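Asks: Sending over a structure as structure tokens; questions will come in a sec.
The values are calculated or read from the model by the stated rules, or taken from the named source; none is laboratory data. Just so it is clear, the model here is predicted, and its values are computed rather than measured. No Cβ is skipped: glycine too gets one built from the backbone with ideal geometry, and neighbour counts run over all protein chains shown. These area figures cover heavy atoms from the full protein model, side chains too; ligands, DNA and RNA do not enter into them. Shrake-Rupley method; radii C 1.70, N 1.55, O 1.52, S 1.80 Å.
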Amino acid sequence: MSFLARLTDVAPPLAEMARIANSAGAAVLLFDNDDKVKAANEAQERLMPCCPYGKNDTYTSFFWGALNKGMTGNPSAKASPHSWLNDALAARRCSQNLDFVNKDYPWGPMLVSHVRLPEGASIQVRLPMRAIGMENYFDMPETSLGVIRILRLRQEIRSLEGALDSLGLAVALVDPAGSLLHANSSFSDMLRTNDGLADLRGNGVCATDPLDDLMLRQVLKDVTSGNLPQAYVPIRRRGGEPLILAISTGASLGTAIIAVSRFGEDQGEIARAIAAALGVTAAEAEVLTSLGAGESAEELSTRRNVETKSIYQQVYNAKKTIRRSKFVAPDASGIGRLVTGIAAITRTPLVRKH
């Protein structure tokens, strides 16, 4: 019987985690209420062929099998296995969620999560960070995000890539420290010029002007923590007009989207970029861009010589399109924040009236 077929009699929360982790290539172990191995996927059996994963195997027998074959990634477990095992069993019984990194496996660091339901059944997932291309984004020994959390973040990064790379604007997804989770080609090109923004320290986006950098650090902290939904930061350059940064919260907690415009960027270009990236019509993109720049629906209807209700209808239609889009799926609110962020860095910022 295949691993997925054996999930039919597993509690739904654990089954869902197992499917998500299995599809990402993670090693998955399921345990029943008595801590006996209920199922192991192929990735787990390949990664650790230390026991037969039969009905009589338990977490304890699995631990000793892995230790004896040099497949344990925790130095403390190697140094004092009996003491470590007792502590691990106690933690498994008392904690519903354990997230940690084992960095001493022969094949490299692994993010490990253990989730236990109140009735006792549990799942343990091991995810090789290098295998999914995430090791550059986090300080491995300090990472405690959890496997499912990091898989969802990877999904956001991947779904951003296609849309961001289609934009002429410079757009990036960052963490609270400004470390790049993804940057489109325009953003990467801008960083390489070291004029206004750079990656001088090799650990994230920074402003080349020290005072601007202090402001940027504080805004990133406020936006990624949720204290601010979005903010706009001017960044001085050595030559030319300043950069205008629109920083808005990402779809995943603890992330921010930075959209950059050079002062003087044409609003029509931004509208065309939004239309191409999100699949809305040119008219809908113009409405989103104008509203994002601060123009009211009434002012926009007067300028376009249409009824105000037509403006609201186009906003409604655009929202429906965005909800159907795979862009940053399935979080439509994250898409909306990105649209607003991009639209708000237009040539003539206005005071919002709506």
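Asks: Please go through (1) open to solvent by 10 Å² or more (accessible area, probe 1.4 Å); (2) closer than 18 Å to Val171 by Cα; (3) in contact (Cβ under 8 Å) with a residue 24 or more places away in the chain for Ala231 and return the number of the only condition it doesn't satisfy.
Replies: (3)
Asks: Separate question: Is at least one residue of segment 34-45 part of a helix (DSSP H, G or I), touching a Gly at 6+ places or on another chain (Cβ under 7 Å) and not charged (D, E, K, R)? Before the answer, list the steps.
Replies: At the first step, the residues of segment 34-45 found to be part of a helix (DSSP H, G or I) are 42-45.
The next check asks that each one be touching a Gly at 6+ places or on another chain (Cβ under 7 Å); those that pass are 43.
From what is left, the residues that are not charged (D, E, K, R) are 43.
Yes - at least one qualifying residue is present in segment 34-45.
Asks: For segment 152-188: of the residues being within 20 Å of Asp212 (Cα to Cα) and surrounded by fewer than 19 Cβ atoms within 10 Å (Cβ to Cβ), which is modelled with the lowest pLDDT?
Replies: Only one residue fits best here, namely Ser188.
Asks: Moving on to the next point. List pairs: first residue in segment 201-219 and within 14 Å of Val233 (Cα to Cα) and among the acidic types (Asp, Glu), second residue surrounded by fewer than 17 Cβ atoms within 10 Å (Cβ to Cβ) and modelled with pLDDT under 95 anywhere in the structure, Cβ distance under 8 angstrom, at least six positions apart or on different chains.
Replies: Asp209/Arg236; Asp212/Pro234; Asp212/Arg236
Asks: Moving to a separate point now. Suppose we keep only residues that are at pLDDT below 70 and touching a Leu at 6+ places or on another chain (Cβ under 8 Å) within segment 275-292. Which one would you say is surrounded by the most Cβ atoms within 10 Å (Cβ to Cβ)?
Replies: Ala277
Asks: If you don't mind, there's one more thing I want to ask. If we scan segment 301-324, do we find a residue that is of a type in the set (D, E, K, R), modelled with pLDDT under 80 and either closer than 20 Å to Ala183 by Cα or open to solvent by less than 60 Å² (accessible area, probe 1.4 Å) (or both)?
Replies: At the first step, the residues of segment 301-324 found to be of a type in the set (D, E, K, R) are 303-304, 307, 309, 319-320, 323-324.
The next check asks that each one be modelled with pLDDT under 80; those that pass are 319-320, 323-324.
Restricting the remaining residues to those that are either closer than 20 Å to Ala183 by Cα or open to solvent by less than 60 Å² (accessible area, probe 1.4 Å) (or both) gives none.
For segment 301-324, residues of a type in the set (D, E, K, R), modelled with pLDDT under 80 and either closer than 20 Å to Ala183 by Cα or open to solvent by less than 60 Å² (accessible area, probe 1.4 Å) (or both): absent.
Asks: Can I ask one more? So which residues in segment 325-335 are part of a helix (DSSP H, G or I) and either modelled with pLDDT of 75 or more or buried (at least 18 other Cβ atoms within 10 Å of the Cβ) (or both), if there are any at all?
Replies: Gly334, Ile335
Asks: Then there's this: Let me spell it out: the conditions are (1) under 16 Å from Ala5 (Cβ atoms); (2) in contact with a Lys or Arg (Cβ under 8 Å, 6 or more places away or on another chain), and Ser23 meets all of them except one. Which number is the exception?
Replies: For Ser23, the failing item is (2).
Asks: Could you tell me how many of the residues in segment 25-42 are open to solvent by 20 Å² or more (accessible area, probe 1.4 Å), within 25 Å of the chain's Cα centre (by Cα) and on the phi < 0 side of the Ramachandran plot?
Replies: 0
Asks: Any residue in segment 112-127 that is modelled with pLDDT under 75 and out of contact with any Cys (no Cβ under 6 Å at 6 or more places or on another chain)? Lay out the reasoning, then the answer.
Replies: The first filter runs over segment 112-127 and keeps only residues modelled with pLDDT under 75, leaving none.
No; the residues of segment 112-127 include none that is modelled with pLDDT under 75 and out of contact with any Cys (no Cβ under 6 Å at 6 or more places or on another chain).
Asks: A further question on this structure: Sort out which residues of segment 189-217 are modelled with pLDDT under 85, part of a loop (DSSP other than H, G, I, E, B) and open to solvent by less than 50 Å² (accessible area, probe 1.4 Å), and write them in order of number.
Replies: Scanning segment 189-217 gives a single hit, Gly204.
Asks: Identify all residues within segment 246-262 that are under 17 Å from Thr289 (Cβ atoms) and either crowded, with 21+ Cβ neighbours inside 10 Å or modelled with pLDDT of 80 or more (or both); write none if there are none.
Replies: If the condition is that a residue be under 17 Å from Thr289 (Cβ atoms) and either crowded, with 21+ Cβ neighbours inside 10 Å or modelled with pLDDT of 80 or more (or both), then Ala246, Ser248, Ile257, Ala259, Val260, Ser261 are the ones that fit.
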